Amino acid sequence: MLEELQARIETGGGARASRYRLLKLILFGPFARNSASETAALSPHAAMNFLVIVSHRALAGMSAFWDEVEERIARDHHVKCPVTLIIHTLPDLNSHLKAGAPFFCDIINQGILAYEDSEPGKDGRPKNIIAKPVASDPRSVHEFGLGFHSRFLKKANLSLQDGRFHTGEDPEANSHAAFSLSQAAEFAYRMLLLTVTQYAPPSHNLGKLRSLARAVDSRVDEVWAPLQKSSNRHFELLQRAYVEARYSPTYETHADILAWQADRIEVLIGLADALCREHLDRLKAEHGQQNCMSSRTLVSSGDDR
């Protein structure tokens, strides 16, 4: 990452580019939690997830640059598993932490700091300080989660229905079906991520969404396991469909592949739905317990007076 960033600074030129910095790199998810039972259950394609904290919003928004970084990591024979990166500035991260955003609070509370720019400020004091995570309110998280759950569950099912409807022998119809199925899978992952964590990256990359969803709850990956070689190709075709099924004349799929994808996505939607409901029920119970505790405190205060 540092090498690619330095190359970008040298080729980009300009005063702003010279100030681009990688501030911190934080490993999160099951590899960071070091849960033996959880990591043992991961598929061979389980990814290591990193929060990349950078110095400028413009750098965070360079999606093509970060795609190239991920591609270089994927080509490195020393790296034994896929790597997923999410990119944010420090002010953006701190605003999420102060708001009690579950996704980022969990990363800071459970993650492992893998790298940081330890250069002190001009006054000699440490800089680039991460804010202390604020505990989220179960009631507000529950309300937001309900909205995300219902909205994306509907989107996922409608896209799945559209994909099944257009599956056939006609190549154009099959391409349409492939795009709709990729949307159905994306909506299922977004439903889980947003309902449970209130965060999903601005990406249509199913591999990245799958990796982040697995970091939230490894059970969601049961839908693809065990993947055989042909099944891996089917998932890759699904992942490529968002762009290539619409714009590439060389993209090719068939009815049997689409039927397999649709069946697995139907399972994915059902599993993600169940995990969301489990999470929402837990939040509702926590909120109820808080209300009970508040009521008892009020009664006690009244008796004391």
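The values are calculated or read from the model by the stated rules, or taken from the named source; none is laboratory data. These numbers come from a predicted model, not from an experiment. Note: ideal-geometry Cβ built from the backbone for every residue, glycine included; neighbour counts use all protein chains shown. For the accessible areas, the whole protein counts, side chains as well, though only heavy atoms, and no ligand, DNA or RNA atoms are used. Shrake-Rupley method; radii C 1.70, N 1.55, O 1.52, S 1.80 Å.
The single residue among Leu42, Leu23 that is surrounded by 16 or more Cβ atoms within 10 Å (Cβ to Cβ) and either in a helix (DSSP H, G or I) or modelled with pLDDT of 90 or more (or both) turns out to be Leu23. In the stretch 28-39, of all residues being buried (at least 18 other Cβ atoms within 10 Å of the Cβ) and not in a helix (DSSP H, G or I), the one that is modelled with the lowest pLDDT corresponds to Gly29. Scanning the stretch 149-169 for residues that are surrounded by fewer than 22 Cβ atoms within 10 Å (Cβ to Cβ) and over 21 Å from Arg246 (Cα atoms) turns up His149, Ser150, Arg151, Leu153, Lys154. Would a scan of the stretch 196-208 turn up a residue that is modelled with pLDDT under 95, surrounded by fewer than 23 Cβ atoms within 10 Å (Cβ to Cβ), in a loop (DSSP other than H, G, I, E, B) and among the aromatic types (Phe, Trp, Tyr)? Yes, because at least one residue in the stretch 196-208 is modelled with pLDDT under 95, surrounded by fewer than 23 Cβ atoms within 10 Å (Cβ to Cβ), in a loop (DSSP other than H, G, I, E, B) and among the aromatic types (Phe, Trp, Tyr).
In the set (1) open to solvent by 30 Å² or more (accessible area, probe 1.4 Å); (2) touching a residue at least 12 places away in the same chain (Cβ under 8 Å); (3) more than 20 Å from the chain's Cα centre (by Cα), the condition left unmet by Glu172 is number (2). Restricted to helices (runs of 4 or more DSSP H) entirely inside the stretch 73-167, those with at least 3 residues that are without any contact (Cβ under 8 Å) to a residue 40 or more places away in the chain, more than 30 Å from Leu2 (Cβ to Cβ) and of a type in the set (Gly, Ala, Ser) are 138-166. Scanning the stretch 259-288 for residues that are over 19 Å from the mean Cα position of the chain (by Cα) and touching a residue at least 12 places away in the same chain (Cβ under 8 Å) yields a total of 11. When Ile73 is tested against (1) open to solvent by less than 30 Å² (accessible area, probe 1.4 Å); (2) modelled with pLDDT of 90 or more, exactly one condition is not met: (1).
Listed here are the residues, each with its yes/no results for (1) of a type outside the set (Asp, Glu); (2) modelled with pLDDT of 90 or more; (3) under 21 Å from Leu25 (Cβ atoms).
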| residue | (1), (2), (3) |
| --- | --- |
| Cys81 | yes, no, yes |
| Phe104 | yes, yes, yes |
| Gln110 | yes, yes, yes |
| Lys132 | yes, yes, yes |
| Phe144 | yes, no, no |
| Ser150 | yes, yes, no |
